[in-house]
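The block underneath contains the structure these notes are about, expressed in structure tokens.
Derivation of every value follows stated rules applied to the coordinates shown; laboratory data play no part. Just so it is clear, the structure is predicted and the values come from calculations on it, not from any experiment. All Cβ positions, glycine included, derive from the backbone under ideal geometry; neighbour counts span all protein chains shown.
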Amino acid sequence: MATHPDFERLVAKFCKHLDRIPLEYRTDVMACVETVFEVVDVKWLQLFPRTTTPEDTLREAGISSKRQAKHQRRMSSLPAGRA
């Protein structure tokens, strides 16, 4: 799941004040907060869809960064006439 850029800051700010909530209500409050964060994530993705880079695609296919770099060096040397 994608995350709003300020998600960690928001969670930290919320958790800092969690001790002010009576113990018997904390579980319910945390469930509500999780629901709100899920809705924010969904709306955030609708507004700003994640772009997929070629590197992401290769990584998902199981091709290592080292292999990607080697391939990129080979491809960039072709137009220059070096083999």
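The shape of the chain comes out prolate: with a ≥ b ≥ c from the C-alpha gyration tensor, a/c is at least 1.5 and a/b beats b/c. In a DSSP loop and with at most 16 other Cβ atoms within 10 Å, there are no chymotrypsin sites (Phe, Trp or Tyr not before Pro) in segment 22-67. Where a ≥ b ≥ c are the square roots of the eigenvalues of the C-alpha gyration tensor, would you call segment 7-47 rounded, which needs a/c under 1.5, or, failing that, prolate if a/b is larger than b/c, or oblate? Oblate shape, in that a/c is at least 1.5 and b/c is the bigger or equal ratio. Could you compute the net charge surrounding ARG67? Neighbours are other residues with a C-beta less than 12 Å from the C-beta of ARG67; K and R count +1, D and E count -1. Spelling it out: positives minus negatives among the neighbours equals +4.
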